[in-house]
Every structure is written in structure tokens, then in C-alpha cells.
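Notes to accompany the following structure.
The values are calculated or read from the model by the stated rules, or taken from the named source; none is laboratory data. As the structure is a computational prediction, the values presented were derived from the model and not from experiment. Here Cβ is always computed from backbone atoms with ideal geometry, including for glycine, and neighbour counts include all displayed protein chains.
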């Protein structure tokens, strides 16, 4: 019985599809899983605590219009109302609709610039926890734009689904149409993150004039330390005002028109504040998670492969083909993509999908890499089970092109190798590969190519030996 080989990356995606956040809602579908797979390398964890800031009207958070906050004031009810709004698909859609969720800036100066000023406003300071898990979708502008742009293999099905976007930030943050909002919620469920880091201006001041921009949308109530939330207003008197005042003083010195909020406190920067700033102002210290993501070749290929595998597992074969091709444009030696695209092109029962010439070219390169090139250079990089599997792929490609004698030769070779492996290292997978090879051999000897149903699955095998 045919069972499609499932890689570790694709298996993780399938498992994520069965996990939903506590807020409920529809489970992720093939397209949202594919987008989530592409975004996975952009998921990061905070390595330290991080102070972030949110402006809101005093009366909205439960404060009176004037006077200092009562000693027992707790903004938790307001925050508990804000966080779930990201997940609420019943809310009216309008540009940048996530502003109705809990958006927080990485410093209080820019929070005030975009939030509001005057006595009717209050600033909430939250502490994001170490381990706060977020997806970084910055990079839609400037040098990183090409890396941040969704690949064409995803943009096309997204547009067909009613969400015509170029960047993940537009999908997850702007959400200007209902179809995008629904997809964004599903993507975040697959990623299982506490927040989104997106392009948001920063006030640059000493000691970090060139820090990258960034603001968060907090989507999990477990992402911040509820007991350490603070509220600042014009009438606040706590000593915690000193560091807030210092940041406004630094920004003012660097050219900001906003003046420090408390006239009775020092209006010039204080040197002792620098260590706190480097840790707590996002992008100011030497923390890897603060940097804008710049994907390496391997990261990009693996992310796109995960998207292609998710599409293929959900029988979106046409979209999967384009995604696999995009993987190979990045890395022509990406073995799992070579294998899966060749198998689809050789064995798919849809003539519009099947492409025997491409299948043979891909499968020939696959076997060259797994059987010969890497064996000479490394002494055996790929698992013996996978080499049998790759031989099946090449045999199917030869048969699709009418080269039955060569298909028979590779089927016989795979059978002999499987029999030897059963003697030296027996396993259910080796026995199944032997049965598969015998089935293929009978077919090719009768002069027929191998055509499989869309839901057929190959025998799952490991890519590498267990010890590697």
C-alpha cells in the first residue's frame, strides 16, 4: 500500500493543525499551514524581560478623568478585554484593524507620539516574559523587503482566497479584508505564538540611535507578567517615573518635540539609566532576537519546503508544485523537494500535473546526490531506507517516460537492496519497501507506468541514519 513519505518538518505542521489556542475558533487549513511553515524560521523567543508600553484613555481603562491612580488600581480587566480582540472575527474590518487588540510599543516616547497626550490619557507599562514567543514580520521596507515578501507560490493561492497581500506583515497586522483576518488567525494558531513583532517607528536616542523599528501585538494573556503591570498618568508620583522621564529627556535631546512629562523630575538624561535602557529598550542591546530577520539560503529553502509539504499533504497539488519549484530555485540540491516533486510529476493521475520529462531530470539528480555524490564525499550521508525510496522515485520517472527497461532495472536494484537490508538491519519499513518494489516491478514488466490516486501515501522513511 502506498503511503507518502512524511518529513519531520511536515509532520510538525500536521501536528500543529490539531492544536488550537484557548480562544477557540476554526482549525488551520492547508493554506494557513503553508504560510505558517514559511514563517516558522521567523519565530523567536525573548531571552530577557522586556518593558513595553501602551497608551489608552484614562476612562477606558477604569481610571477617573483626573488625579493619581488609586493605590489598588489594576488594569487587568482592560488588558484581558484587549488581548482576545485579535482573535475575534466578529469585529468590524477596517484598515489596521489590529489596533483594536493589545498593541504595545518598544519605548514610551513613541507610544505617546502615536497614542495621545494630555491629562485624559494614561500609559500602561507591561513586562513581557523571558521566553515570550513571537513571529517577526518586519522587513517590508528597505533592504530586507525581498526577503520579507511572501513567495509567489503562496501569494497566488492567497489572492485566490480573497487575500491579495505581498507581505506577511500585511496579512497578520493590517488585515484590511475579512478573508485576510480569518487567515491570519489560523496562521497564528499554527505558529502558537504569544505575539507579533511588526514594523513600528522607534524614537532613536542615545545610546541606541540606530536601533531597528518594532512594536508588538500581544495575542496571549500568558505573554506578560500581570502582577508587574504599571500605569502612569500626569499626576503619578512613584519613583518608577524616573526611567520614563529619562527616556523622554533622551528623545527630546535627539530632536523629539515631546517634552519630559513631569516638570518636577530631571529634564536631562541620567548616565545611570544606560544599563537599564540596553536591556529593556528593544533593539538597543546586543540581543539576537532584536535584529530584523535576514534569512540564510538554508532557512529560506527549508521554510518554503515546509509550505510546499503542507500544501501537498492537503492535496493542493498545483500550488505544491509551484512551491517545490521555488524551493529548488533557492537550493537545487534540496533532497526532499527533489524527491517529492519528481514523484508528483511522474505518478500523479492528473495529466495537467504529470510531467515525465521534469520528473526524470529531478529524480536523476536526486539519485546522483543520495547514492553517489554524497557517498563519495561523506561516506554515506543518507539512510539506506531513503536510498531505496529514491530508487523507487527514479524508476517511476523512467516508467513515466516509457523507458521500461531502465524502470525494471531500478526496481530490481531496489528489491535486492531491500532484501539485503532486511537481513542486516530488519525493520517494518524495509519489508514494506520490498513489497512496494515488487509491486512496481510487476507493473513495469507489464509495460505500464505507475499512476497513483491523490490520497495515496508512500512508505515513510527517514532521510538520514538515526546516528546522524
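Name the single residue, out of those in segment 323-338 being free of Cβ contacts under 8 Å to residues at least 40 places away in the same chain and in a helix (DSSP H, G or I), that is surrounded by the fewest Cβ atoms within 10 Å (Cβ to Cβ).
Of everything passing the filter in segment 323-338, 329 is surrounded by the fewest Cβ atoms within 10 Å (Cβ to Cβ).
Among 357, 352, which is the only one that is surrounded by fewer than 19 Cβ atoms within 10 Å (Cβ to Cβ) and in a loop (DSSP other than H, G, I, E, B)?
Sole residue among the options that is surrounded by fewer than 19 Cβ atoms within 10 Å (Cβ to Cβ) and in a loop (DSSP other than H, G, I, E, B): 352.
Within segment 288-318, count every residue that is in a helix (DSSP H, G or I) and more than 25 Å from residue 136 (Cα to Cα).
4
Can you find, within segment 27-40, the residue that is farthest from the chain's Cα centre (by Cα) among those that are more than 12 Å from residue 168 (Cβ to Cβ) and surrounded by fewer than 24 Cβ atoms within 10 Å (Cβ to Cβ)?
Here the residue is 27.
From 245, 272, grab the single residue that is assigned by TED's automatic domain parsing to the domain that holds residue 73, free of Cβ contacts under 8 Å to residues at least 12 places away in the same chain and out of contact with any strand residue (DSSP E or B) (no Cβ under 8 Å at 6 or more places or on another chain).
The conditions single out 272.
Determine which member of the set 51, 74 is out of contact with any strand residue (DSSP E or B) (no Cβ under 8 Å at 6 or more places or on another chain), at pLDDT 90 or above and either in a loop (DSSP other than H, G, I, E, B) or more than 30 Å from residue 456 (Cβ to Cβ) (or both).
74
From 316, 325, 345, which residue is at pLDDT 90 or above and either outside the structural domain of residue 385 (by TED's automatic domain parsing) or out of contact with any helix residue (DSSP H, G or I) (no Cβ under 6 Å at 6 or more places or on another chain) (or both)?
Going through 316, 325, 345 in turn, the sole match is 325.
What's the total number of residues in segment 241-287 that are under 33 Å from the mean Cα position of the chain (by Cα), surrounded by fewer than 16 Cβ atoms within 10 Å (Cβ to Cβ) and in a loop (DSSP other than H, G, I, E, B)?
Count: 1.
Given the criterion more than 25 Å from residue 155 (Cβ to Cβ) and at pLDDT below 95, identify the matching residue among 332, 351, 356.
So the residue among 332, 351, 356 that is more than 25 Å from residue 155 (Cβ to Cβ) and at pLDDT below 95 is 351.
Conditions tested, residue by residue: (1) in contact with a helix residue (DSSP H, G or I) (Cβ under 7 Å, 6 or more places away or on another chain); (2) more than 14 Å from residue 362 (Cα to Cα); (3) buried (at least 24 other Cβ atoms within 10 Å of the Cβ); (4) modelled with pLDDT of 95 or more.
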{"site": "377", "(1), (2), (3), (4)": "no, yes, no, no"}
{"site": "393", "(1), (2), (3), (4)": "yes, no, yes, yes"}
{"site": "401", "(1), (2), (3), (4)": "yes, no, no, yes"}
{"site": "406", "(1), (2), (3), (4)": "yes, yes, no, yes"}
